[in-house]
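Accompanying notes for the structure given below.
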Amino acid sequence: MKSKTIVIFGLGCIVGASLAAAQGFQTASSLPSASGLVSSSGNQPIAVGPFLFSPALQLTWENHSNFWRSSIDQVGDNIYVARLRLLFEMPIRESVIRFSYTPQYRKSQKRVLENNWDHFLRIGGDFEFSNGLIVGANYSFIDGAVSTQEVDPGGELVFNGRRFSKHAIGLNTSYWLNSRDGVTLNFNTLLVDWRGETDTDVQSWFDYTQTTVRGGWLHQLTPTLVMDVSLGYRGYDPDSHADQIRKHTATALTVGFRGQVTGVLSTELRVGYGKTDYSEVASETPGFEDFSGMVINGNVSWALGHGSSLRLDLLRQPFASNYGLNSYYTATGGRLLYDLELGRSFGQVRARLQTNDYNVPDEYLGLKRSDDLKIFGAGWGFRITDKLAVRASYVYEDRDSLDPYAYLNKMWLVDLIFGY
């Protein structure tokens, strides 16, 4: 029964993992200091009544060579960030309830930012029942301007100073019919709203609602590896009538794998065939074609010797676009991450290559846009104590595209992290 419990819990997590993967790679500022979340230090949490409390504080200095990621007006800047994480967890037998709140304050050295504060709220829980049913319920709220990957996971949109809010609700269930086979059903919806004047520049975005439903069959391949075959549906609906060419529905038949393949090899990978339907625009835009083809999200990880690990992330997926008459672009890419732990020292090297291909030519240039993203980063840190660490990182971002949309940004980051 214990092994069954572990597998059921793992399957509950596969939904959350696949949804996270569906968000694509983190864009631009891809290090933890720019993600809106304070990384965990791996220390034992503090017992506060029935809760386990894991606080953390992160202070960051960022130096950007091209803060607005512009092709023509390249302005460097120093950004100072203070971020606090308050995480509470309450275990209840085999279940757990989580609550986290992360406020973030950013200050520019050279200019007054219109929005200095960002807020990240997450509430959720995994509930396991003795009959083999597990239910994962979660709600997240983001109010900010920096984390543009939360709005456009593929990387077309870059930071422009406008503020947005994002609500996301998920209900994910799995039920084992016997020790090897089960079923899963998942429902997720998110709502994005922008505030302030609508910007006609290509870097702006639009309000939209997205709903995703996926159900399928679960199978335990080995005691440590689980497979699922699922059919998914996504509805994407912009609020504005002017943006109805972005409206679409999508279906996908995918196979997912999660768990340990061998003692050193693990995976969290979903691959299959997807198709989109842009009924509002297909008949009106010359040369337009719906997306159909292979979709892939996830990673394969190797545990290497001497405290190191290697992970390969893979992505191929269409994402909504706000560029010209293009309803979407297809993101295809990979990211390689190497992590190393040497006593109190730790480091990471990462390399990401991605191509975003567009369907309809630029209405002014007469050329089809294709963005080649190259992001390289390296960082090294040292744990001064079990709860206090310092880290220095360098990130090189290059988007090779048509002239108005290309940019190059080089970043230096220094973090001071205190936490559990």
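Of Ile169, Ile417, how do they rank once you tally other Cβ atoms within 10 Å and put the fewest first?
Exposure proxy ranking, most exposed first: Ile169, Ile417.
Quick check: pseudo-label points 7 Å beyond the Cα along Cα→Cβ at Ser308 and Thr251, how many nm apart are they?
Label at Ser308, label at Thr251, 4.7 nm between them.
A 26 angstrom limit on the alpha carbon distance is what I want to check against. Which of Lys107/Lys247; Lys110/Lys166; Lys107/Lys166; Lys110/Lys410 exceed it?
Over 26 Å Cα-Cα: Lys107/Lys247; Lys110/Lys166.
Relative contact order for segment 2-419: what is it in percent, counting Cα pairs under 8 Å that are at least 6 residues apart?
13
Using Stokes-Einstein with the Kirkwood hydrodynamic radius over Cα pairs, what translational diffusion coefficient do you get for the chain at 37 °C and a viscosity of 0.692 mPa s, in µm²/s rounded to a whole number?
Using the Kirkwood radius from Cα pairs, D works out to 144 µm²/s.
If you plug each phi of segment 168-181 into the Karplus form 6.51 cos²θ - 1.76 cosθ + 1.60 with θ = phi - 60°, what whole-Hz ³J(HN,Hα) values come out, in order, with x for Gly and Pro?
Those phi angles translate into 9, 10, x, 9, 10, 10, 9, 9, 8, 6, 8, 6, 10, 10 Hz.
Stretch Trp117-Val390 to full length: gain in nm at 0.36 nm per residue minus the Cα-Cα span?
Extending this stretch completely gives an extra 95.9 nm.
Is it possible to state the helix-based mean residue ellipticity at 222 nm for the chain, with each DSSP H run of 4+ residues giving -39500 (n - 2.57), the sum divided by total residues, to the nearest 500 deg cm²/dmol? What is it?
Per the formula, -1500 deg cm²/dmol.
If the chain between Leu231 and Tyr338 were fully stretched, how many nm would it gain, using 0.36 nm times the residue separation less the Cα-Cα distance?
Roughly 35.2 nm would be gained on extension.
What is the calculated FRET efficiency for Leu59 to His167, with r their C-beta to C-beta distance and R₀ = 30 Å, to the nearest 0.05?
0.55
Would you mind getting me the FRET efficiency between Asp357 and Val300? Use the beta-carbon distance for r and R0 = 30 Å, nearest 0.05.
FRET efficiency, Asp357 to Val300: 0.80.
Which values, in whole Å and largest first, are the semi-axes of the equivalent ellipsoid of segment 315-420 obtained as the square root of 5 times each eigenvalue of the Cα gyration tensor?
38, 13, 11
Output wanted: per-residue J couplings in Hz (rounded whole) for segment 216-230, from phi through Karplus 6.51 cos²θ - 1.76 cosθ + 1.60, θ = phi - 60°, x for Gly and Pro.
Ordered by residue, 3J(HN,Hα) equals x, 10, 10, 8, 8, 6, 9, x, 10, 10, 10, 10, 9, 10, 9 Hz.
When Lys and Arg each count +1 and Asp and Glu each count -1, what net charge do the other residues less than 11 Å away from Asn186, Cβ to Cβ, add up to?
Local net charge: 0.
Would you work out which of Leu312, Gly324, Gly76 lies farthest towards the positive end of the dipole of the chain? Charges go on Cβ: Lys and Arg +1, Asp and Glu -1.
Positive-end residue among those listed: Leu312.
May I ask you to compute the full-extension gain from Ile72 to Val264, defined as 0.36 nm times their residue separation minus their alpha-carbon distance, rounded to one decimal in nm?
Taking Ile72 through Val264 to full extension adds about 64.4 nm, to one decimal.
Give a residue-ordered list of calculated ³J(HN,Hα) values for segment 60-74 (Karplus: 6.51 cos²θ - 1.76 cosθ + 1.60, θ = phi - 60°; whole Hz; x for Gly, Pro).
Result, ordered by residue: 9, 10, 10, 10, 10, 7, 8, 4, 8, 6, 9, 7, 10, 9, 8 Hz.
For Asp362, Asp415, what ranking results if the residue with the fewest other Cβ atoms within 10 Å of its Cβ goes first?
Asp362, Asp415
Would you order Tyr338, Tyr323 from fewest to most other beta-carbon atoms within 10 Å of each residue's own beta-carbon?
The order, fewest Cβ neighbours first, is Tyr338, Tyr323.
Might you report the magnitude of the Cβ-based charge dipole of the chain about its Cα centre, with Lys and Arg at +1 and Asp and Glu at -1, to the nearest 20 debye?
1600
FYI, it's all coordinate maths here, none of it is from the lab. Here the structure is a predicted model, which is why all the values come from computation and not from measurement. We place every Cβ from the backbone using ideal geometry, glycine too, and count neighbours over all the protein chains shown.
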